[in-house]
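Shown next, in structure tokens, is the structure this report addresses.
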Amino acid sequence: MAPATRLKRKRKHDLRQVINIILWLLRTGCQWRNLPEEWPNWQAIYYYFEQWKQDGTFERINLALNQLDRKGVIKEACPSVLCIDAQSVKLNPMICEYRGLDANKRVNGRKRLFVVDTQGRLWVAAVHAANQAEGPAAILLIGDILWRAGQRLEKVYGDQSYNGVFAKALADWDITFEKASRPPWRGLRGAASVARPPWRGLRGAASVARPPWRGPNRLEDLSPLLNAG
């Protein structure tokens, strides 16, 4: 038949309801086959889920929502600064695909790689085996980062893991990579621990340095208050 005479079946399910059911599944972790009976058949919901996953619909929805949310707080639709980091997570022993051992964190499983803006909105995400280096794995995301962030992107923050091949790949696109610095009180030991709050670790008479809202800790400290009456 000619394309002009091709017929299509009328849509039976409300797409907004389909989205809500998928979000409910994501929130609760329910199995597809255990959807409540009053909802559409699970196979219909799974069909839309697979179609939208393959054609990039979820990515386009996420991009549109990020841009709307940024405009809601009086910001440009696309960010100029992004942050990248990864998290190692354990896997069920029965799962074999995309699996590896992260020797640094002693985690046998996968790594979740996230790219967010300065207010925590997720722009790009990826999953790979935990034994794969984070820098080379992030290179594969540069195309997605450029497509979502647009031409406003000027700088990407990350830790030491991305300060090699990933930083060089960003430089080819005139994007600066900057290694994020640790807070000054992180990793301090010995005499350097003076950066701790002054009331931490004090005992006995030194406890007068406790915060004022904690109140006196000895009976004689109450005498000025009693004599004032």
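For the reader, a short list of remarks on this structure follows.
- Evaluated against (1) surrounded by fewer than 15 Cβ atoms within 10 Å (Cβ to Cβ); (2) more than 25 Å from the chain's Cα centre (by Cα); (3) closer than 28 Å to Arg110 by Cα, Pro36 falls short on exactly one condition, (3).
- Residues that are over 26 Å from Arg60 (Cβ atoms), out of contact with any helix residue (DSSP H, G or I) (no Cβ under 8 Å at 6 or more places or on another chain) and either exposed (fewer than 14 other Cβ atoms within 10 Å of the Cβ) or not polar (S, T, N, Q) (or both) within the stretch 129-163 comprise Ala129, Ala130, Asp159, Gln160, listed in sequence order.
- Out of Ala77, Ala64, Ala86, sole residue that is among the hydrophobic types (A, V, I, L, M, F, W, C) and either surrounded by fewer than 14 Cβ atoms within 10 Å (Cβ to Cβ) or at positive phi (or both): Ala64
- Restricting attention to the stretch 58-100, the residues that are basic (Lys, Arg), assigned to a loop (DSSP other than H, G, I, E, B) and farther than 22 Å from Ala137 by Cα add up to 1.
Residue-by-condition table, conditions (1) part of a loop (DSSP other than H, G, I, E, B); (2) among the aromatic types (Phe, Trp, Tyr); (3) at pLDDT 90 or above:
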| site | (1), (2), (3) |
| --- | --- |
| Gln119 | yes, no, yes |
| Ala138 | no, no, yes |
| Ala149 | no, no, no |
| Val156 | no, no, yes |
| Phe166 | no, yes, yes |
| Leu170 | no, no, yes |
| Phe177 | no, yes, yes |
| Ser181 | yes, no, no |
| Leu188 | yes, no, no |
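- Residue that is nearest to Arg112 (Cα to Cα), among those in the stretch 123-136 that are of a type outside the set (Gly, Ala, Ser) and in a helix (DSSP H, G or I): Glu134
- Of all residues in the stretch 6-33, those that are surrounded by 12 or more Cβ atoms within 10 Å (Cβ to Cβ) and in a loop (DSSP other than H, G, I, E, B) total 2.
- The stretch 98-128, subset charged (D, E, K, R) and touching a Lys or Arg at 6+ places or on another chain (Cβ under 9 Å), residue farthest from Leu63 (Cα to Cα): Asp102
- Residue that is farthest from Arg148 (Cα to Cα) [pool: residues in the stretch 36-57 that are assigned to a helix (DSSP H, G or I) and of a type in the set (S, T, N, Q)]: Gln43
The values are calculated or read from the model by the stated rules, or taken from the named source; none is laboratory data. Just so it is clear, the structure is predicted and the values come from calculations on it, not from any experiment. In this analysis, Cβ positions are derived from the backbone assuming ideal geometry, glycine residues included, and neighbour counts consider all displayed protein chains.
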